[in-house]
1. When Ile169 is evaluated against the numbered criteria (1) surrounded by fewer than 23 Cβ atoms within 10 Å (Cβ to Cβ); (2) in a helix (DSSP H, G or I), which criterion, by number, is the only one it fails?
2. Hey, among Leu24, Leu33, which residue is under 30 Å from Ala233 (Cβ atoms), outside any helix (DSSP H, G or I), touching a helix residue (DSSP H, G or I) at 6+ places or on another chain (Cβ under 8 Å) and at pLDDT 95 or above?
3. Sort through Gly198, Gly155, Gly206, Gly193 and tell me the only one that's surrounded by fewer than 21 Cβ atoms within 10 Å (Cβ to Cβ), touching a Gly at 6+ places or on another chain (Cβ under 7 Å) and under 22 Å from Glu122 (Cβ atoms).
4. Please work out which residue is nearest to the chain's Cα centre (by Cα), limiting yourself to the stretch 97-126 and to residues that are in a helix (DSSP H, G or I), buried (at least 20 other Cβ atoms within 10 Å of the Cβ) and among the hydrophobic types (A, V, I, L, M, F, W, C).
5. So, of the residues in the stretch 98-143 that are of a type in the set (A, V, I, L, M) and without any contact (Cβ under 8 Å) to a residue 40 or more places away in the chain, which turns out to be nearest to Glu12 (Cα to Cα)?
6. With respect to the numbered conditions (1) of a type in the set (Asp, Glu); (2) out of contact with any Leu (no Cβ under 7 Å at 6 or more places or on another chain); (3) more than 22 Å from Tyr277 (Cα to Cα), which one is the sole condition not fulfilled by Glu175?
Amino acid sequence: MNKSDNINYELEKNAEVISQLNDLVSEMVDNTLLDPDDCWQPTDFLPDMTQPDALDQVKLLRERAEGIPDTVITSLVGNMITEEALPSYQTYFNMLVGINEEGNLTSEKGWVRWTKAWTAEENRHGDLLNKYLYLSGRADMRKVEQTIHRLIYNGFDPRSEKDPYQAIIYTSFQERATKISHVNTGKLADKAGDTILGKICKQIAGDEARHEKAYKTFMSKIFEIDPSGAMLAFEKMMRKQIVMPAVLMGKGGPNPTLFDQFSAITQKIGIYTGWDYARIIEHLVKLWKVETVTGLNDMASKAQDYLAGLSDRYMRLADRMKTPDEISLAWLK
């Protein structure tokens with residue numbers, strides 16, 4: 001069997017396993033995700049523009065926002081832009097092998113229901129942060145909008161090779177990473193005196209935590225059904241490293257290093273760091289009991305050994321990583 005045939009065989013096998021999870025995924029839609037009528041909405045946290053004192057409410061928001069450091073505002077903008085690229089994420093998930101073979105977005109199959117309901121919940125995050133930033137007057141919203149436009153224009157490639165296993169591992173990692181980023185941004189907002197923004201960030205982080213739990217559950221089930229395939233997919237994803245969803249935000253534009261600038265700020269002020277990356281790996285390895293999985297083939301056993309020591313390796317790298325001395329701020333007025 002040549003390499004191409006082997007890849008196709010693996011994808012077909014993975015698609016069969018994924019199809020076995022349709023009922024579980026439907027249960028997750030019903031029990032983990034929320035009906036639109038029961039969800040919080042962005043307007044719950046923002047000035048009510050239908051009220052006579054609406055402009056006074058906006059004034060209070062702007063007064064609270066004045067004390068937030070420029071670095072935190074820039075990081076908040078980067079977080080928001082990442083959330084606003086959701087059209088790409090739903091498209092990506094529906095292109096995976098075994099997720100939506102019929103190409104029907106109105107299908108009632110578990111995975112199709114999940115991709116719709118999950119992205120619908122996620123969509124509120126960008127809406128809320130976007131409106132907050134607009135009302136705050138702290139960001140150059142035209143530049144922000146151009147970046148969102150460019151990120152969606154450029155597309156999204158997590159390098160998961162159409163493999164649903166790798167995609168679920170990627171999303172398990174990313175949901176935890178975004179949760180951490182929003183939690184830490186909220187703490188800095190509280191410290192700066194904007195407790196409403198702190199509450200906003202924590203509310204979004206709560207959504208990310210629910211979604212993270214679901215994706216980790218899906219992957220736990222895959223480890224039960226196909227331990228060797230799951231282990232190899234985990235190794236592949238980690239060897240490539242996790243590419244952040246907003247990595248292409250500056251590609252083709254006047255500032256191609258925009259994402260690097262954003263990442264440097266989150267590292268410098270502790271919103272998302274190299275240590276966080278290492279701790280997420282450690283968490284997933286423990287959660288999926290990687291070190292004690294049995295019944296593996298030879299290649300998967302080698303992958304197991306690699307994964308068992310991976311978080312320590314990244315922790316050592318994080319210890320040696322130099323905090324940026326110089327950072328460039330973007331999207332500010």
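1. All conditions are met except number (1).
2. On inspection, the qualifying residue turns out to be Leu33.
3. Exactly one of Gly198, Gly155, Gly206, Gly193 is surrounded by fewer than 21 Cβ atoms within 10 Å (Cβ to Cβ), touching a Gly at 6+ places or on another chain (Cβ under 7 Å) and under 22 Å from Glu122 (Cβ atoms), namely Gly198.
4. Here the residue is Trp118.
5. Val112
6. (3)
The values are calculated or read from the model by the stated rules, or taken from the named source; none is laboratory data. As the structure is a computational prediction, the values presented were derived from the model and not from experiment. Cβ coordinates were reconstructed from backbone atoms using ideal geometry, including for glycine residues, and neighbour counts include every protein chain displayed.
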